[in-house]
Structure formats: structure tokens, C-alpha cells
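Notes for the one structure printed next.
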Amino acid sequence: MSNYSKNAEDIITYLGGSKNIEEVKHCFTRLRFKVKDNSKVNVEMLEKIPCIVRVMKTMGQIQVVVGNEIDEVYKAVEKCLEGTSIDLSKLEEPVETKKEKTPKGIKYYGGQILNAISQTISPILMGMVVAGLFKAILTILTLTKIVSTDSQTYILLNLMGDSFFYFMPVLVAYSASKYFKCNTVLSLMLAGILLHPNFIDLVNSGESISLFGLPVHAISYNASLLPVLFTVWAQSKLEKLVSKTFFTKLGMLSLFPTFLIMAPLTLVVTGPFGSIVGELIANAMLVIYNKYAVLGVFAICFLMPLFIWTGSHWVFMPVALSNMTNLGFDPFLWLGFTAWNFSQLAVSTVIMLKTKDKDLKQIAGSAAFSIATAGISEPCAYGLTLKYKRPIIPSFIGCAVGGLFFGIFKVKVFQMINVSLLSLPQFLDPAGGNNFMLAIIGIVLVFTVTFVLTWFFGFDDKKDLGK
């Protein structure tokens, strides 16, 4: 039996067994479990499994942080859940208690919205990273005059990089249909309505648009997230209602009533509603940026460790997408990622250099490598910073200093790529200027401040390992 298979069996065991697991999904570094009974979950034993960095109960989920081995562990867990017998003898029987009811307050619904955004973005995030890196390389080619912006080569290369962002509603419809457990083909059809060339022509004409006398929001939905997210959510609710009627006996036509209602609803209600919500949030953030740029950027960088640790950073993704579409850059979220990633690179580097423990040195080196090359910070965030606790304060201070610098000099990010040493071209301004150099200075500042503070106050073998 491979280590992944054994680890997967242990994960399922300490989650209360396969019968206690309702669903499992994953993002870049985490397995996200929805369980029937939280009292059967043994967090202490889960965190002793070699491949697991940390376990968190948050937003109605059991989030198991794995790190770089996420794909292999997820496949092994899936295989186990498909029929492998799990030995539950290692799991202590919990004391019989009444199952707690989840409160239906603001916190609950906020968590549900955050889950929906996170689980919708996670499956398509790799495409965003690839497209962003492609566009960054194109920026280098144009700035070095290798490719002229007037040439057909540029036009074709640019549309290749833009394909992900332009057709994002279709990609969001796909992943959202999986999350909300509704018909994927129908979700793609509804997204297609918003991107249909004829609808785009009506929007570009500047004339008012109506459907049976009802006003239609005249806006381009390319590169949008919330409109389709709300649409697919409404579709899932409607499908459940229709499934309770005789229409389910119509075979291939069973989904027709849902489409008949959702098609006009997409243009008149859910699409415009999602667009308006996104516009309000984005405009509010822009007001903050225009009037209080330093404070806004400082705040998001300083608080980014909390957002990352709680998994709530994705709530800002619609705003970042809106900024990239309307402004051509993001002045908020990605700067927070930048400060955070390089603060964690500093933490992992210090621990790798200072510790005499061979196993810890290897863990820290691996964490530093994953940040430097792929922009994945979770192995350090959970396996080092949170575990040893003392690097937490240096991380906050480093992020705060970086946020202050980024805010004062209004540094921007022009491509949405995981922030790492390899993705630094994302700071290149296609129009030229000194944004790239300012970003590098800010990054060096974050790394240096965090490194120095962690070296002298944030880690010591004797204090942290008892050696």
C-alpha cells in the first residue's frame, strides 16, 4: 500500500468514517470536507498524519491543509471513498450528544457565500494563473519591442491570453454547477446567453434593451463572476422544485421548464443583480483607493495573514476581477498576496537556515521552494508560522510595512498570477513606468523586515524545539 493510500485511509478514519463524509472538494492546498457530525472528527489524530499540515473547522467545513501533495492525496481519498473498507477501530467512540443545529445568522450565510465563491474559483484558478503568466510574457515582448502592439501577432497572442478572462462566465458556470449540484450543460447554456454576440451587439449599440417590456441591464458580462454565480444558484433551487413535479418523467425534456424560466431570468434578474452587487463593491473599493489609498492597501496587507488563515481571502476575488477588467490592474488583493507570500518566504528561509533539526530543515526548505516557485504559502503558514507561533508577529509586521510602502507609492499588479519569484513580470506596466522597480523594492522590504525580526525574535531551536 502506498503512503498516499494509507494517509487517505487515516484521514477518512479520523473524520468519522466514510459514512460521516457528505462531500469532499479541494483547492490548491486544502481538502475541504463536509461532514454529517462534527463530534466524530478527531482533529488531534488528523494532524498527526504525515501529509497533513493543519486541520481547521471553519465555514461549516473541515479544511485539511496538505500542501504540494494535494492532488495525490485527493485522488487517494476519492479512491477510498469509492468503496475501500475503512477500519474505524482506531477512532474513539464519541460521547452521544445531540447534533448541533447550525445557526442561520449573518455568520452562517456569510460563510455560505464565501464557500460558494471559494469552491467556484478553486477549480478554475489554474487557468487564471496560466493566462496571467502568458499575458505577463506578452508584456515583456512588447516592452522590449520584440512584438509590436500594432501587429497581427500581438492581436492573436493577446486574444490567446484573454480567452480565459473573456469566457470566465462559462468557466464559472461549470465549476458553480458542480458546487451547487445542478445540471452543468444547462448552466453553460445560461452563461452563453450573457456572452452571445447578438446580446453584446445590443449592449454596444448604446440603446435601451427590454424583454417583454422588462428592462435588461445593458452591460458586458465578460470576465465577470457574480452574475453567473447567482444565476447557477437560482438554477439549482429551481431544479429542485421541478424535480418534485411530473416533469421529471419527460426524459430529455425534464430540464426544459428550468431553462424556460431561467433563460429570461438570467437577463432580467440574476445577471443584472450579480453585476450590480459587483459594481457596488468594486466602486466602494475604488473610492477607498482614490481617497485613502495608503490606508486601504495598508489594511488589506496587514490583515492578509488573517484572511489566509481563515480561508476568507477569496471574498475579494470579484473585486480583483472587476479591477482587472475595468482598470487593467488590481491595486488591492494581489498586493496583499505579495506582502504575505514574501513574508512567509522570509519565515521559512530563517527556519531553514537556523534550525539544526534535519527534518525541520527539510520542511522549511520545501516550504520556501513552494513559495519562491509556485506562490503557495500554506506549507509555511500552517506548518511553521502557526505551529511555532512566534513567527506570527514578524509576519504581521512585515506585511504591514509592505502594505504601507505599496500604498504610498501606489504599486499595482497587472496580471493575476500566484505571486512568486518566477511571476514578478506581473508587476510590469504595459504602458511603461517605474511600477516594476517599486514593486521589487517593496518586496525586498517585506522580506528583509520579516527575515530580521524572525531571525532575532521569531525562532530558536532551544525555545521552539526544546533543543
Self-check item: Phi-based couplings in Hz for segment 424-431 (Karplus 6.51, -1.76, 1.60; Gly and Pro marked x)
Solution: 4, x, 5, 8, 6, 7, x, 8
Quiz prompt | Cut-off under 5 Å, modelled amide H: who pairs with Val35 long-range | solution = Glu22, Ile62
Quiz item: Relative contact order (percent) for segment 1-79, with alpha-carbon contacts under 8 angstrom and 6 or more residues of separation?
Solution: 35 percent
Quiz item: Around Val216, which amide H atoms from residues at least 5 apart in sequence, or from another chain, sit under 5 Å from its own amide H, with H modelled in the peptide plane?
Solution: Ile209, Ser210, Leu211
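Hey, any idea what % of the chain's accessible area is carbon plus sulfur with a 1.4 Å probe? Can you show the working numbers first?
Values: 14850 of 23040 Å².
Carbon and sulfur: 64 percent of the exposed surface of the chain.
Going by a ≥ b ≥ c, the root eigenvalues of the Cα gyration tensor, does the chain fall in the rounded group (a/c under 1.5), the prolate group (a/b larger than b/c) or the oblate group? Intermediate values should be presented prior to the final figure.
Working: a/c = 1.97, a/b = 1.11, b/c = 1.78.
In terms of gyration-tensor shape, oblate.
Please work out the average accessible area per residue across segment 347-430, using the 1.4 Å probe convention, and give it in Å². Please list the in-between numbers first.
Working: 3180 Å² over 84 residues.
Counting only protein heavy atoms, the per-residue value for segment 347-430 is 38 Å².
Between rounded, prolate and oblate, where does segment 1-79 land on the alpha carbon gyration tensor, with a ≥ b ≥ c its root eigenvalues, rounded for a/c under 1.5, else prolate if a/b exceeds b/c?
Working: a/c = 1.42, a/b = 1.27, b/c = 1.12.
It comes out rounded by the Cα gyration axes.
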Exercise. Only helices at least 18 Å long along their axis, Cα-based, and averaging -0.5 or more on Kyte-Doolittle count here, so list those DSSP H runs from the chain.
Key: 106-121, 125-143, 152-166, 226-242, 271-310, 333-354, 358-374, 392-408, 435-453
Quiz item: Which shape class, rounded, prolate or oblate, goes with segment 342-450 when its Cα gyration tensor gives a ≥ b ≥ c as root eigenvalues, a/c under 1.5 marks rounded, and past that a/b bigger than b/c marks prolate?
Solution: prolate
Practice problem: Using a 10 Å cut-off on Cβ atoms, rank the peptides 173-180, 137-144 from the highest mean neighbour count down. | Solution: 173-180, 137-144
Quiz item: Using modelled amide H (1.01 Å from N, peptide plane; none on Pro or chain starts), what sits under 5 Å from the amide H of Arg54, excluding residues fewer than 5 places away?
Solution: Val65
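Which order, highest average first, do 368-375, 289-296 follow once you tally other Cβ atoms within 10 Å for each residue and take the mean per peptide?
On the way: 368-375: 19.5, 289-296: 14.9.
Listed from highest to lowest mean packing, they are 368-375, 289-296.
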Quiz item: Measuring from centroid to centroid over Cα atoms, what is the spacing of segment 336-367 and segment 152-229 in Å?
Solution: 42 Å
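How long are the semi-axes of the equivalent ellipsoid of segment 112-295, taking √(5λ) for every eigenvalue λ of the Cα gyration tensor, in whole Å from largest down? Write out the running numbers ahead of the final one.
Values: eigenvalues 219, 77, 70 Å².
Calculated on Cα positions only, the semi-axes equal 33, 20, 19 Å.
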Self-check item: Distance in nm between pseudo-label sites at Lys358 and Asn283 (7 Å out along the Cβ direction from Cα)
Solution: 6.3 nm
Quiz item: What percent do you get for the relative contact order of segment 194-350 when only Cα pairs under 8 Å and 6+ apart count?
Solution: 22 percent
Self-check item: Residue-averaged 222 nm ellipticity for the chain, from DSSP H runs of 4+ at -39500 (n - 2.57), nearest 500
Solution: -18500 deg cm²/dmol
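Sort 339-347, 209-217 for me by packing, meaning the mean count of neighbouring Cβ atoms within 10 Å per residue, highest on top.
Numbers: 339-347: 30.4, 209-217: 11.7.
The peptides rank, most packed first, as 339-347, 209-217.
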Quiz item: Taking only C-alpha pairs under 8 Å that are 6+ residues apart, what is the relative contact order of segment 112-295 in percent?
Solution: 20 percent
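The values are calculated or read from the model by the stated rules, or taken from the named source; none is laboratory data. Quick caveat: nothing in here was measured; it's all calculated off a predicted structure. With ideal geometry, Cβ positions are generated from the backbone for all residues, glycine too; neighbour counts draw on all protein chains shown. Surface areas here come from the heavy atoms of the whole protein model, side chains and all, with no ligands, DNA or RNA. Shrake-Rupley method; radii C 1.70, N 1.55, O 1.52, S 1.80 Å.
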